[in-house]
Amino acid sequence: MAGLETGANRPLLPSRPVLLRLSEHARLQAARRGIAEDVVLAVARAPEQTIDAGDGREVRQSRVSFGENEGRYLVRVVVDRLDGGALIVTAYRTSKIEKYWGQE
């Protein structure tokens, strides 16, 4: 099972919308890319970083360990903010953590 990194400055209770929906596209893409649905939801609910992508869209990302053989990846979850909630549009993982980490 994948493990999320923990950080001392992460909030105990995330300030994310209560209603979080996973689109069928996101569900299919995550499965195709080898990312468990619970990992996608965990990153969307409590990301290590959030990047505003404009027009009500943001990228929520966290570093995730996928086991000894696969190593650590950055899981990026693209979310559309909606009134009273959010819709997960897609999710993917990349080994290029340095490229995307801290980008704001």
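Residues in the stretch 86-100 that are in a loop (DSSP other than H, G, I, E, B) and in contact with a Ser or Thr (Cβ under 8 Å, 6 or more places away or on another chain): how many?
Residues of the stretch 86-100 in a loop (DSSP other than H, G, I, E, B): 95-96.
Adding the requirement that they be in contact with a Ser or Thr (Cβ under 8 Å, 6 or more places away or on another chain) leaves none.
Qualifying residue count, the stretch 86-100: 0.
Within the stretch 74-85, restricting attention to residues that are assigned to a strand (DSSP E or B) and at pLDDT below 95, which residue is nearest to Leu20 (Cα to Cα)?
Of everything passing the filter in the stretch 74-85, Gly85 is nearest to Leu20 (Cα to Cα).
Checking Val59 against (1) of a type outside the set (Phe, Trp, Tyr); (2) modelled with pLDDT under 95; (3) more than 17 Å from Leu19 (Cβ to Cβ), which test does it fail?
(2)
What is the one condition in (1) touching a strand residue (DSSP E or B) at 6+ places or on another chain (Cβ under 6 Å); (2) at pLDDT below 95 that Arg10 does not satisfy?
Only one criterion is unmet by Arg10, namely (1).
Looking at Ala46, Ala26, which is the one that is among the small types (Gly, Ala, Ser) and more than 10 Å from Ala91 (Cβ to Cβ)?
Result: Ala46 is the single residue among Ala46, Ala26 that is among the small types (Gly, Ala, Ser) and more than 10 Å from Ala91 (Cβ to Cβ).
Is at least one residue of the stretch 56-71 of a type in the set (Lys, Arg) and in contact (Cβ under 8 Å) with a residue 60 or more places away in the chain?
no
Restricting attention to the stretch 31-56, and to residues there that are charged (D, E, K, R) and under 19 Å from Gly102 (Cβ atoms), which single residue is nearest to the chain's Cα centre (by Cα)?
Looking at residues that are charged (D, E, K, R) and under 19 Å from Gly102 (Cβ atoms), I get Glu48.
Under the condition of being touching a strand residue (DSSP E or B) at 6+ places or on another chain (Cβ under 7 Å) and not polar (S, T, N, Q), which residue from the stretch 42-51 is surrounded by the fewest Cβ atoms within 10 Å (Cβ to Cβ)?
Selected residue: Arg45.
For the structure I just gave you, tell me whether Arg21 is at pLDDT 60 or above, in contact with a strand residue (DSSP E or B) (Cβ under 9 Å, 6 or more places away or on another chain), under 14 Å from Thr90 (Cα atoms) and not aromatic (Phe, Trp, Tyr).
So Arg21 passes the test.
Taking the stretch 52-71 on its own, how many of its residues are crowded, with 16+ Cβ neighbours inside 10 Å and assigned to a strand (DSSP E or B)?
So the answer is 7.
The values are calculated or read from the model by the stated rules, or taken from the named source; none is laboratory data. The model shown is predicted, which means the values in this text are computed figures rather than measured ones. Cβ atoms come from the backbone with ideal geometry, glycine included; neighbour counts cover every protein chain shown.
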